[in-house]
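Q: Sharing a structure, written as structure tokens. Questions coming.
The values are calculated or read from the model by the stated rules, or taken from the named source; none is laboratory data. Just so we're clear, the structure is a prediction, and the values are computed from it rather than from any experiment. Note: ideal-geometry Cβ built from the backbone for every residue, glycine included; neighbour counts use all protein chains shown.
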Amino acid sequence: MSTPETPPTGGDDPGRGLSGVQRAGVVLGGLAVLLIVFVVLRGNDDNGSPSSSSAQQTTAASSGADPTTSDPSTGSTSTSTSTSTPTASTGSTSTATTPEPAVQTVRVVNGQPAGGIKTISYTKGDQVRLKVVSDTADEIHVHGYDLMKDVTAGGSVEFDFEATIEGRFEVELENAGTQIAMLEVDPS
Amino acid sequence: MRRLRIAALGAALASAAVAVLPDAALAHGLVGKQDLPIPRWLFAWAAAVVLVVSFVALAVLWPKPRLETARETRLFSVPAFLEPLCGLIGIAAFAFVVYAGYAGTQAATANIEPTVIYVIFWVGIPFASAVLGDVFAPFNPWRALARGVAWIAGRVAGGRLPEPMAYPSWLGRWPAMAGILAFAWVELVYNNRDDPSLLATLALLYAATQLIGMSVYGIKPWTHRADAFAVYFNLFSKLAPLHWRERTVSRRLILSGTTHLDLMPGTVALLCTMIGTTSFDGFSQGQLWTGTNGIAPELTRRFANLGFSQETALEITFTIGLVFMVCFVGAIYRAGIAGMSSIGGRHDQGELARRFCHSLIPIAFAYVVAHYFSLLAYQGQAMASLVSDPLGTGSDIFGTASTIIDYNVISATGIWYVQVAALVLGHAAGLTLAHDRALVVYRRVRDATRSQYWMLAVMVAFTCLGLWILSASAQ
């Protein structure tokens, strides 16, 4: 430890010291401000559109519930849904899977994803329907969910599973070690 | 750590092995989960918290130093036989991990070695150190080995061993800084980062370097200054409320241990390296860096055009990014110090930079928590299966070989809150330490307070950088 120079003179310096009550007041005031900001910001929750940096994002319309996930960029704040609001329900309990969820297709050309690595977004509880059309024979591996299916050259495979794990997961040509898509599952 | 990007490379390496053991390499489902970026509203809220906390702290913090003068209370002492026992355990663990690296499968996710090195050792020990104190020191394998050899040699020579050379004071913690930078380079830049046998070779090289250093300069001086991992873990342990010294354990005020950091050369550089490398780990996963219009593809293309192979070009690009990030962090800190030196006169920048650098320790730890908490929570679970099948040969020693990672152990929202809480608490701790030190450095409370406007700017910059890297804006 360094040698302390002379301790601060006039450490108690009554002019600028605050009383205990004043200190508590400052702390409480700070807490109040934070609480208000938290509530306000959380109100216009825009985490449906995960990123603006995209230009390479396809966003899968999820199972009828959440049409705001149309495109990033727009300031479409309000989640104006027609069916049951997905906020509180923790996933699959709502049996409102009326329309067939759209199938997202990833094309593999010359062993590479056509159009670069796309992010395919879902909300937890959605049904993921992912089709891979490949001109290369390999094994398709959806990480995290750990699903694997073989694809023949010129053939296609389809995955159909419920999005139960939140996060970002690589979809990969397992043997070639090439990432072909990013699966993103957002909290419901 | 790029989620043990073992995915990309490991899979490439493993592709051969996969053909042979289709399940062993994949059954654990180790790989490929990244955290979701912090949503914008939470980012904005956290930034607001940081500002409010800062100004409340300025108003409320004590006018007399407290942490600097905190006393320790002795709790209990540790029996003597534990010391060699812990050392033996450390040596055995080290030897086994290296052995697994050479003898086990070279599929990174099926071999216990990469997970032990990158998750348990590199991330787990800092977490443990910050809570329990310096838990690494008794198990430090190369130190234990050196002490064992010294003990035997002392017996044989009958106490006539040559005195070690004096450790050069100008060298300070620079060797530790170089070691941490090198480890980060291997982890974040090097293409073969997941190759178990190569990692084993690097581990042996590191241990050999330490043994040479300890034999030349003495075990204690070298371990406290130059052994990169010992120094790194020891820095985090200064945050802990427990202090292990010789064989006694004392209790102390949380954070107060950092005030006893000896300010030898290289300490500031080491701390900036710690923060900078962690920042680069997050930054290098973001769109700004890796995206189709990002910096990395562009730079890589240019280097490839200069005649480098694609792999080398990628490594050069990432090396530049890593070094830039470390320098960037250093520049933020030095800018704050430069501002502070304008107050009260009398203190030059070098002195201030050293005397306030202990306030970066909680920031560095906050970065580690924010970036690696989920790695520990998820990949740490892989240890359950790996201990039963450490070499990836299909054995099942403890009957847990088929355990899989439960990715729902904590939700994405939970991870966000941990990340934000870590950064905000680290910020508050850094501010508190800097405030306390300022009361010692400056004679007048007024000067101390004014100097802290600069430290406040530095801390806000670091915390917002940390938040931004994790947020949707960067990812």
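Q: In segment B:437-448, how many are at the interface with chain A (Cβ under 7 Å from one of its Cβ atoms), over 11 Å from B:I343 (Cβ atoms) and part of a helix (DSSP H, G or I)?
A: 3
Q: Kindly check whether there is at least one residue in segment B:414-436 that is in contact (Cβ under 8 Å) with a residue 60 or more places away in the chain, surrounded by fewer than 20 Cβ atoms within 10 Å (Cβ to Cβ), in contact with an Asp or Glu (Cβ under 7 Å, 6 or more places away or on another chain) and of a type outside the set (A, V, I, L, M).
A: Checking segment B:414-436: not a single residue is in contact (Cβ under 8 Å) with a residue 60 or more places away in the chain, surrounded by fewer than 20 Cβ atoms within 10 Å (Cβ to Cβ), in contact with an Asp or Glu (Cβ under 7 Å, 6 or more places away or on another chain) and of a type outside the set (A, V, I, L, M).
Q: Kindly provide the set of residues from segment B:186-229 that are closer than 20 Å to B:V149 by Cβ and either touching an Asp or Glu at 6+ places or on another chain (Cβ under 7 Å) or hydroxyl-bearing (S, T, Y) (or both), ordered by number.
A: If the condition is that a residue be closer than 20 Å to B:V149 by Cβ and either touching an Asp or Glu at 6+ places or on another chain (Cβ under 7 Å) or hydroxyl-bearing (S, T, Y) (or both), then B:Y206, B:T209, B:Q210, B:S215, B:Y217, B:T223 are the ones that fit.
Q: Are any residues in segment B:77-86 touching a residue at least 40 places away in the same chain (Cβ under 8 Å) and aliphatic (A, V, I, L, M), and if so, which ones?
A: Within segment B:77-86, B:V78, B:A80, B:L82 meet the criteria.
Q: Could you pull out every one of the helices (runs of 4 or more DSSP H) wholly within segment B:139-217 that has 3 or more residues that are over 22 Å from B:P126 (Cα atoms) and among the aliphatic types (A, V, I, L, M)?
A: On the way: elements: B:141-157, B:174-188, B:196-217.
Where helices (runs of 4 or more DSSP H) fall fully within segment B:139-217 and carry at least 3 residues being over 22 Å from B:P126 (Cα atoms) and among the aliphatic types (A, V, I, L, M), they are B:141-157, B:196-217.
Q: Further, regarding this structure: Scan B:I89, B:I112, B:I152 and give me the residue that is out of contact with any Leu (no Cβ under 6 Å at 6 or more places or on another chain), in contact (Cβ under 8 Å) with a residue 24 or more places away in the chain and of a type in the set (A, V, I, L, M).
A: Numbers: B:I112 fails: out of contact with any Leu (no Cβ under 6 Å at 6 or more places or on another chain); B:I152 fails: in contact (Cβ under 8 Å) with a residue 24 or more places away in the chain.
The match here is B:I89.
Q: Is it the case that some residue within segment B:449-470 is farther than 30 Å from B:G380 by Cβ, facing another protein chain (nearest Cβ under 9 Å) and of a type outside the set (S, T, N, Q)?
A: no
Q: Next up: Between a residue in segment A:160-180 that is at the interface with chain B (Cβ under 7 Å from one of its Cβ atoms) and buried (at least 24 other Cβ atoms within 10 Å of the Cβ) and any residue that is part of a strand (DSSP E or B) and β-branched (V, I, T), which pairs come within a Cβ distance under 6 Å, given they are 6 or more apart or on different chains?
A: A:E166/A:V185
Q: Let me ask another. Can you name every one of the strands (runs of 3 or more DSSP E) wholly within segment A:106-156 that holds 3 or more residues which are within 10 Å of another protein chain (Cβ to nearest Cβ)? Give the derivation first.
A: Values: elements: A:118-123, A:127-134, A:138-142, A:147-151.
The qualifying strands (runs of 3 or more DSSP E) are A:138-142.
Q: Kindly indicate whether B:I397 is without any contact (Cβ under 8 Å) to a residue 40 or more places away in the chain and over 26 Å from B:P39 (Cα atoms). Give the derivation first.
A: On the way: without any contact (Cβ under 8 Å) to a residue 40 or more places away in the chain: yes; over 26 Å from B:P39 (Cα atoms): yes.
Answer is yes for this residue.
Q: Any residue at all in segment B:441-459 that's of a type in the set (D, E) and out of contact with any Lys or Arg (no Cβ under 9 Å at 6 or more places or on another chain)? Step through it out loud before you land on a result.
A: In the first step, residues of segment B:441-459 are kept if they are of a type in the set (D, E); the result is B:447.
Those left that are additionally out of contact with any Lys or Arg (no Cβ under 9 Å at 6 or more places or on another chain): B:447.
Yes, because at least one residue in segment B:441-459 is of a type in the set (D, E) and out of contact with any Lys or Arg (no Cβ under 9 Å at 6 or more places or on another chain).
Q: A follow-up question, please. Output yes when any residue across segment B:100-120 is more than 30 Å from A:V26 (Cβ to Cβ), more than 10 Å from chain A (Cβ to nearest Cβ) and surrounded by fewer than 19 Cβ atoms within 10 Å (Cβ to Cβ), and no when none is. Quick ask: steps written out before the conclusion?
A: So the first thing to find is which residues in segment B:100-120 are more than 30 Å from A:V26 (Cβ to Cβ), and the list is B:100-120.
Narrowing further to those that are more than 10 Å from chain A (Cβ to nearest Cβ): B:100-120.
From what's left, surrounded by fewer than 19 Cβ atoms within 10 Å (Cβ to Cβ): B:102-103.
The answer is yes; a qualifying residue exists.
Q: Another one. Is one or more of the residues making up segment B:94-101 of a type in the set (F, W, Y), assigned to a helix (DSSP H, G or I), at pLDDT below 85 and over 21 Å from B:H371 (Cα atoms)?
A: Quick first cut of segment B:94-101, residues of a type in the set (F, W, Y) only: B:94, B:96, B:99.
Next, only the ones that are assigned to a helix (DSSP H, G or I) stay: B:94, B:96, B:99.
Pick out the ones that are also at pLDDT below 85 and you get none.
Within segment B:94-101, none of the residues are of a type in the set (F, W, Y), assigned to a helix (DSSP H, G or I), at pLDDT below 85 and over 21 Å from B:H371 (Cα atoms).
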